[in-house]
Amino acid sequence: MRLNETKWMRRFAALEPKTRRAVRFCGAAVVLCLVLPLGVFAAWDGLLLGNPRPRPDPEGTRPLSDAGRQNTTACLLYDCAHLLGIDPARSSIYDGWTEQPLEGADLELAQARCRAVVVEAGELGLLESWQTEDILDLFDDNAYTLTATTAPAGLTAYTLEYTGRPAEPADVATPETAATPETAQPSRSVWLSMTLTAEGTPLTLSWQDSWAPWGAELPEDALDGALTLMGVEGFTDWQLLDWSHRLPDAGQCAYSAQAQLYVSVNRNNGLSITAASMTEAELAGIYGEEDSR
Amino acid sequence: MKFSTKLSLSFAALLAAALCAVGLAMVGRSFADGMASAEETFSARQYAEKYSIENTILTQLGTSGGVYTTSAMSSAVQSFAEQTPGSCMALYLDGRNSVYSNLPQGISRTDQLAVLEAGTGQSSYLRAEGQTWLLLTVPLNIPGVDAVLLSAYDVTSVFASRDAQLTAWFVAAVVVLAAGAGAAGAVSRSLTRPLTRLQSASSRIAAGDYTQRTQVSTDDEIGALSRSFDEMAGAVESRIAALDTNVRQQKDFIAAFTHEIKTPMTSMLGYADLMRAKPQSAETQREAANYIFRETHRLEELSRKLLALMGLENLSDGEESAICKAPVTDRALFARLDRAMQTAAPEAVPIRWQPGGCTVLADAALLDDLLRNLILNARRACAGKPDGCVTVSCRADGADAVFAVQDNGCGIPAEDLPRVVEPFYMVDKSRARAGGGSGIGLTLCQRIAQLHGSRLEFASTVGQGTTVSLRLPLQSDLQREEADHASE
């Protein structure tokens, strides 16, 4: 090998200076071209290692925003829709909920939680004052039934049912003024249901009273009150939706992309507040393109 | 530097650059695709793990009043990890608190916090303990809890595959470069071999060997260059030969001229010295004076003809612009010559004129000189012959007019015929000098014939006579009429 190297070196030294220069330059270019990929990939590794970059989201995922995740109500509704398969508005045992017996302390607790929600709803203007008192009076009437079902994530759904004929006033109860079929007041049915989180925040609230008119006018700030009631008023991207040209009695509706929540409030036969977790695409797919303001 | 060396080096450099580009593109593309595939696969896997963990936490813990304690969540994640072989994950609460981790030891807490600080929904690569890990973070949707799942997935195989491809490329590139450079050298030397022969031939020609030729017969630009070079070499060789001939002829001319001058000068000097040295008899003085006069006249005639010859030598052969050509009829020409001959030497050998009615385009004065010289030579050849006669004729022969001067004199030996037009060549010098010949008359006539695009032709028989002929193209009828009008 040494002899060959000497021979090549002698041949190289015998070349003209210009040729030697050209050979050196060409050799350097060849070596550079061979080494360049190694350098490039080493640099590539240097850029990769330790430098975070956005990760891909698998197809089909609908990540909830950080703001939505930090809100208990939005996070819980998101989990119900995408993870647990639970609809807070459908809380019967046939929907997968578990019946919870209400006796003793549990009953008192349930009543207290329901009263608290009703009072707060009245304070937020979702119920008239006399409506609030009327509902609270029902809890003092033993003619109602209160049931509870539970679901994962600490959800509890309460349902109060009342059916009865209001008592006639005692001071005017005479044979002549006794109720007759012509003067007797009709029976009354009241349905109050709500789904509460472990903290007592309502995810849904529905009050149906057969004596209440259908499609009563909502106060202008009814939607704000509903959002506050559910604890999602902090999102800044609520977008009001106008379904009036399709659903005259749709009430007031809004959507937030941060929270991935659709909320609606209406006074059909009472009061109904519902919320559902969905993406903008799902909203458009269900309800079509609507005016927003 | 040799052209073949330039070609070889350029090819090698270009080949190396191409191999580099191809290697970077292919290996890089493969590596990028591998990483993207790994990220996509492991991202989907982590989301599945996330959903499963969230379900576990919400389902198992939520029923107990929705209280998500740290220990309970940690246990849920641990339980999931133990049931999933190969999973490496850590659960962080509130951004910095690790409540569970089964990540490899090589992934330090510092590295983990750095990934978390980059924000949720991020990915990072980390090299630890000889392995390469893909770290993915994803937040858990647990109400009221800031929980982040940090998962680590082994992507060493992706990098190992890339390194293997890179090694294979490197080996292949070295082999291809070596083979390519060798082939390029051989091909370039083969392609430039004609140039080497061209250079070698041009060196030998520069050294004086004008017979060298490249003899390259390829059908490309080099072949065309070689053919042009060979043509140039041939032209140079011919030119050199012509120059050599010209130089030799000039030397011979000077030598002959010098000799022609020297011989009469020596005699003239001798006779003049004789007359100067001592008184001589009247007869001797007359003889000397006659000799001096005769030789002086001959030298004068010689100088006149030399001047004429030198003037004609500067003109190009056959060029129309070299001489003043005009239509000339043989009758007019013969008439002028006859008058001149009668005036000069009326008692000399008779001349018979036989015009043929031909008209040629020629310089009348030069043609006159040519015929006059031929006639004088013919008369000298017939000198002393009682029935000596010179015939000057012109006849049409096809498209040409043939002028001929024929005598019945002494004739010219056959071996002397090719040399009679050489300057100062005389068959019989003493006889020619005695008749006033200078030795350059036929040289002058031949030059005049060359200027007209023709040449003298000699036919002779010793003892019977000589015929000298000249061919000139005939002219059209119109030009003949113009010539007749001009002669009138």
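The values are calculated or read from the model by the stated rules, or taken from the named source; none is laboratory data. Only a predicted model underlies this, so the values are computations on that prediction, with no experimental measurement involved. Don't worry about glycine lacking a Cβ; one is built from the backbone with ideal geometry, like all the others, and counts go over all protein chains shown. The area values use the complete protein model at the heavy-atom level, side chains included, leaving out ligands, DNA and RNA. Shrake-Rupley method; radii C 1.70, N 1.55, O 1.52, S 1.80 Å.
Only one residue in B:ARG227, B:ARG193, B:ARG197 is closer than 30 Å to A:CYS33 by Cβ and of a type outside the set (Ser, Thr, Tyr), so which one is that? If you could, list the steps in order and put the result at the bottom.
Values: B:ARG227 fails: closer than 30 Å to A:CYS33 by Cβ; B:ARG197 fails: closer than 30 Å to A:CYS33 by Cβ.
Matching residue, one of B:ARG227, B:ARG193, B:ARG197: B:ARG193.
Determine if segment B:60-83 includes at least one residue that is in contact (Cβ under 8 Å) with a residue 24 or more places away in the chain, at negative phi, away from chain A (no Cβ under 14 Å) and among the hydrophobic types (A, V, I, L, M, F, W, C).
Checked against the condition, which is being in contact (Cβ under 8 Å) with a residue 24 or more places away in the chain, at negative phi, away from chain A (no Cβ under 14 Å) and among the hydrophobic types (A, V, I, L, M, F, W, C), segment B:60-83 yields at least one hit.
Filter segment B:295-309 for residues that are open to solvent by 60 Å² or more (accessible area, probe 1.4 Å) and either in the same structural domain as B:CYS445 (by TED's automatic domain parsing) or in contact (Cβ under 8 Å) with a residue 24 or more places away in the chain (or both) and give the result. If you could, list the steps in order and put the result at the bottom.
Here is the first cut: in segment B:295-309, the residues open to solvent by 60 Å² or more (accessible area, probe 1.4 Å) are B:296-297, B:300, B:304, B:307.
Those that are open to solvent by 60 Å² or more (accessible area, probe 1.4 Å) and either in the same structural domain as B:CYS445 (by TED's automatic domain parsing) or in contact (Cβ under 8 Å) with a residue 24 or more places away in the chain (or both): B:THR296, B:HIS297.
Can you report the number of residues in segment B:202-219 which are open to solvent by less than 60 Å² (accessible area, probe 1.4 Å) and assigned to a loop (DSSP other than H, G, I, E, B)?
6
Could you please give the count of residues in segment A:15-30 that are more than 7 Å from every other protein chain (Cβ to nearest Cβ) and open to solvent by 50 Å² or more (accessible area, probe 1.4 Å)?
Qualifying residue count, segment A:15-30: 7.
Is there a residue in segment B:151-170 that is of a type outside the set (Asp, Glu), within 17 Å of B:MET89 (Cα to Cα) and away from chain A (no Cβ under 12 Å)? Full working, then the answer.
Step one: list which residues in segment B:151-170 are of a type outside the set (Asp, Glu), which gives B:151-153, B:155-162, B:164-170.
So of that shortlist, the ones also within 17 Å of B:MET89 (Cα to Cα) come out as B:151-153, B:155.
From what's left, away from chain A (no Cβ under 12 Å): B:152.
Yes, there is a match, as at least one residue in segment B:151-170 is of a type outside the set (Asp, Glu), within 17 Å of B:MET89 (Cα to Cα) and away from chain A (no Cβ under 12 Å).
Within segment A:55-64, is there a residue that is without any contact (Cβ under 8 Å) to a residue 12 or more places away in the chain and not in a loop (DSSP other than H, G, I, E, B)? Explain how you work it out, then say what you get.
Keep residues of segment A:55-64 that are without any contact (Cβ under 8 Å) to a residue 12 or more places away in the chain, which gives A:55-61, A:63.
Among the residues that remain, those that are also not in a loop (DSSP other than H, G, I, E, B) are: none.
No, segment A:55-64 contains no residue that is without any contact (Cβ under 8 Å) to a residue 12 or more places away in the chain and not in a loop (DSSP other than H, G, I, E, B).
Those residues that are small (Gly, Ala, Ser), without any contact (Cβ under 8 Å) to a residue 60 or more places away in the chain and open to solvent by less than 50 Å² (accessible area, probe 1.4 Å), I need them from segment A:115-142; list them, please. Outline the logic, then answer.
So in segment A:115-142, the residues small (Gly, Ala, Ser) come out as A:116, A:121-122, A:125, A:129.
Subsequent filtering for residues that are without any contact (Cβ under 8 Å) to a residue 60 or more places away in the chain retains A:122, A:129.
Hit for segment A:115-142 is A:GLY122, nothing else.
Please go through segment B:4-34 and pick out each residue that is facing another protein chain (nearest Cβ under 8 Å) and either open to solvent by less than 20 Å² (accessible area, probe 1.4 Å) or within 30 Å of B:VAL77 (Cα to Cα) (or both).
Result: B:ALA12, B:ALA16, B:CYS20, B:GLY23, B:VAL27, B:GLY28, B:PHE31.
Hey, can you tell me all the residues within segment B:379-416 that are open to solvent by less than 40 Å² (accessible area, probe 1.4 Å) and assigned to a helix (DSSP H, G or I)?
Correct list: B:ARG379, B:ALA381, B:ASP416.
Testing B:GLY144 on (1) more than 12 Å from every other protein chain (Cβ to nearest Cβ); (2) touching a residue at least 60 places away in the same chain (Cβ under 8 Å); (3) farther than 30 Å from A:GLY46 by Cβ; (4) open to solvent by 10 Å² or more (accessible area, probe 1.4 Å), one condition comes back false. Which one is that?
Among (1) more than 12 Å from every other protein chain (Cβ to nearest Cβ); (2) touching a residue at least 60 places away in the same chain (Cβ under 8 Å); (3) farther than 30 Å from A:GLY46 by Cβ; (4) open to solvent by 10 Å² or more (accessible area, probe 1.4 Å), B:GLY144 violates only (1).
Could you please let me know if B:GLN446 is open to solvent by 20 Å² or more (accessible area, probe 1.4 Å), modelled with pLDDT of 90 or more and either part of a helix (DSSP H, G or I) or assigned by TED's automatic domain parsing to the domain that holds B:CYS358 (or both)?
Criteria met by B:GLN446.
When segment A:68-85 is examined, which residues are found to be of a type outside the set (Asp, Glu) and open to solvent by less than 40 Å² (accessible area, probe 1.4 Å)? Step through it out loud before you land on a result.
Applying the first criterion (of a type outside the set (Asp, Glu)) to segment A:68-85 yields A:68-78, A:80-85.
A:GLY68, A:ARG69, A:ASN71, A:THR73, A:ALA74, A:CYS75, A:LEU76, A:LEU77, A:TYR78, A:CYS80, A:LEU83, A:LEU84 - these are the residues of segment A:68-85 that are of a type outside the set (Asp, Glu) and open to solvent by less than 40 Å² (accessible area, probe 1.4 Å).
Yes or no, residue by residue, for (1) at the interface with chain B (Cβ under 9 Å from one of its Cβ atoms); (2) open to solvent by 30 Å² or more (accessible area, probe 1.4 Å); (3) of a type in the set (S, T, N, Q):
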{"position": "A:LEU32", "(1), (2), (3)": "yes, yes, no"}
{"position": "A:TRP44", "(1), (2), (3)": "yes, yes, no"}
{"position": "A:LEU64", "(1), (2), (3)": "yes, no, no"}
{"position": "A:ASP87", "(1), (2), (3)": "no, yes, no"}
{"position": "A:ILE93", "(1), (2), (3)": "no, yes, no"}
{"position": "A:THR98", "(1), (2), (3)": "yes, yes, yes"}
{"position": "A:ALA110", "(1), (2), (3)": "no, no, no"}
{"position": "A:ARG113", "(1), (2), (3)": "no, yes, no"}
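For segment B:116-131, enumerate the residues that are at the interface with another protein chain (Cβ under 8 Å from one of its Cβ atoms) and either crowded, with 22+ Cβ neighbours inside 10 Å or assigned to a strand (DSSP E or B) (or both).
Let us first name the residues in segment B:116-131 that are at the interface with another protein chain (Cβ under 8 Å from one of its Cβ atoms), namely B:118-127.
Passing the criteria: B:GLN122, B:SER123, B:SER124, B:TYR125, B:LEU126, B:ARG127.
For segment B:247-281, which residues satisfy the criterion of being of a type in the set (Gly, Ala, Ser) and loosely packed, with under 14 Cβ neighbours inside 10 Å? Before you say what the answer is, go through the steps one by one.
In the first step, residues of segment B:247-281 are kept if they are of a type in the set (Gly, Ala, Ser); the result is B:255-256, B:267, B:270, B:272, B:277, B:281.
If the condition is that a residue be of a type in the set (Gly, Ala, Ser) and loosely packed, with under 14 Cβ neighbours inside 10 Å, then B:ALA255, B:GLY270, B:ALA277, B:SER281 are the ones that fit.
Within segment B:225-243, is there a residue that is closer than 30 Å to B:ALA288 by Cβ, more than 17 Å from the chain's Cα centre (by Cα) and open to solvent by 70 Å² or more (accessible area, probe 1.4 Å)? Full working, then the answer.
Going through segment B:225-243, the residues closer than 30 Å to B:ALA288 by Cβ turn out to be none.
No, the conditions are met nowhere in segment B:225-243.
Exactly one condition in (1) touching a residue at least 12 places away in the same chain (Cβ under 8 Å); (2) part of a helix (DSSP H, G or I) is not met by B:ASP163; state its number.
Among (1) touching a residue at least 12 places away in the same chain (Cβ under 8 Å); (2) part of a helix (DSSP H, G or I), the lone unmet condition for B:ASP163 is (1).
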